[in-house]
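Comments concern the structure below.
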Amino acid sequence: MGKNRKLILINPDEPFEQLSDELTKRGFDAEIVHTPYAYLSIQNGETKLFYNRREIYTSDVEFFFRSWGVDTKDKHFTSILAEYAHLKGALLSSEIFRFNSKSSSKITQAIKFAVNNIPHPDSLIMRQRSYRKNKEEVLQKIEFPCVIKRTGSEGNVVWKVNDIETLEDRIRYSGRNLFIIQKYIPNNFDVRALVFKGEVLGAIKRISTDGFYNNVAQGGDVEEYILNKKEKELVIKATKAADLNFAGVDLLPTYEEEIFVLEVNRSPQVEGFSEIHPDFLSKMAAILSR
């Protein structure tokens, strides 16, 4: 374990739970975390792990993953936690725990953005079971209105909620799937930029018609948007953090002149974008032919 004297055991079975006792005998600290009852909090760019209603401190620790969890739905959260450990350089067990069918999901991106100092709305990542277990503490971290998302596309699994009753209705609707609760940031438009191999192909401004949904698939209007230098650097950095060569990066400028990265789309829809930037495929061809 090197200089670190604390180990976090993720989803240990009964024999491996004894590893905690053995480490304690040798002067090390060990914590056991079963992912169904854990959640991650990202506040002001700082990521914290909570389990059974208390924080599990992750400074100067190493992570050992024994299993994915009690069922297949645990895999998504477990892979996010493993990715967090990897990015911290603290993953002791197999790299395999970083990867599953949803490893590149938009929920996973929240961790990557936090570690890479990319501005992103404050977030809570969990499943329904962990919400029920940690409900009192979770609700203390939420301000209404807030936004809740499940993995999906085109805004059809993204909701703005104004009260606890609606929030819990959406959580029930999520079933056993992972979801993310985020701070709501008032706005009337967002920005979609396409990035290819480290170069910006263009950007559009997507204007809400209902006060919340800006994307074209949900009825938003579009017009050209010229990125400034800071915004260009941010969309390229976000694409790199998401481990993508081609991506649609969604930015959210705020009324306070801040800017957040909402998400990076690995297979972005070009409806609306192609109308404003009909030459984007020609730009891609030029980059490829260099």
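The values are calculated or read from the model by the stated rules, or taken from the named source; none is laboratory data. Everything numeric here is computed off the predicted structure, so don't read it as measured data. Every residue, glycine as well, gets a Cβ built from its backbone with ideal geometry; the counts of neighbours run over all protein chains shown.
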Any residue in the stretch 256-283 that is under 15 Å from His120 (Cα atoms) and at pLDDT 95 or above sitting within a Cβ distance under 8 Å of a residue that is surrounded by 15 or more Cβ atoms within 10 Å (Cβ to Cβ) and small (Gly, Ala, Ser)? List the pairs, counting only those 6 or more apart or interchain. Val261/Ala238; Val264/Ala238; Val264/Ala241; Val264/Ala242; Val264/Ala247; Val264/Gly248
Checking Gly202 against (1) modelled with pLDDT of 95 or more; (2) under 23 Å from the mean Cα position of the chain (by Cα); (3) small (Gly, Ala, Ser), the condition it does not meet: (2)
List the number of the failed condition for Lys106; all other conditions in (1) in contact with a helix residue (DSSP H, G or I) (Cβ under 8 Å, 6 or more places away or on another chain); (2) within 29 Å of Lys232 (Cβ to Cβ); (3) in contact (Cβ under 8 Å) with a residue 60 or more places away in the chain; (4) surrounded by 21 or more Cβ atoms within 10 Å (Cβ to Cβ) hold. (1)
Output yes when any residue across the stretch 131-144 is within 20 Å of Ala242 (Cα to Cα) and of a type in the set (S, T, N, Q), and no when none is. no
Residue count, the stretch 173-193, condition in contact with a Ser or Thr (Cβ under 6 Å, 6 or more places away or on another chain) and of a type in the set (S, T, N, Q), comes to 2
Test: Val195 is closer than 16 Å to Lys106 by Cα and β-branched (Val, Ile, Thr): no
Look through the stretch 214-227, keep the residues that are buried (at least 16 other Cβ atoms within 10 Å of the Cβ) and in contact with a strand residue (DSSP E or B) (Cβ under 8 Å, 6 or more places away or on another chain), and return whichever of them is modelled with the lowest pLDDT. Val216
Could you list, in sequence order, all residues of the stretch 68-87 that are at pLDDT 90 or above and not small (Gly, Ala, Ser)? Trp68, Lys75, His76, Phe77, Thr78, Ile80, Leu81, Glu83, Tyr84, His86, Leu87
Hits in the stretch 9-38 (condition: in contact (Cβ under 8 Å) with a residue 40 or more places away in the chain, surrounded by fewer than 17 Cβ atoms within 10 Å (Cβ to Cβ) and assigned to a loop (DSSP other than H, G, I, E, B)): Asp13
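Here's the yes/no breakdown for (1) on the phi > 0 side of the Ramachandran plot; (2) small (Gly, Ala, Ser):
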residue	(1), (2)
Pro36	no, no
Tyr39	no, no
Ile42	no, no
Thr47	no, no
Asp60	yes, no
Tyr84	no, no
Leu87	no, no
Ala114	no, yes
Which of the residues spanning the stretch 234-274 are of a type in the set (A, V, I, L, M, F, W, C), in contact with a Lys or Arg (Cβ under 9 Å, 6 or more places away or on another chain) and assigned to a loop (DSSP other than H, G, I, E, B)? Ala242, Leu244
Residue set Ser103, Ser41, Ser79, Ser93; condition under 21 Å from the mean Cα position of the chain (by Cα), part of a loop (DSSP other than H, G, I, E, B) and either under 15 Å from Ile125 (Cβ atoms) or not hydrophobic (A, V, I, L, M, F, W, C) (or both); output residue Ser103
Answer residue from the stretch 254-290, given it is among the acidic types (Asp, Glu) and over 28 Å from Pro119 (Cα atoms) and is farthest from the chain's Cα centre (by Cα) among those: Asp279
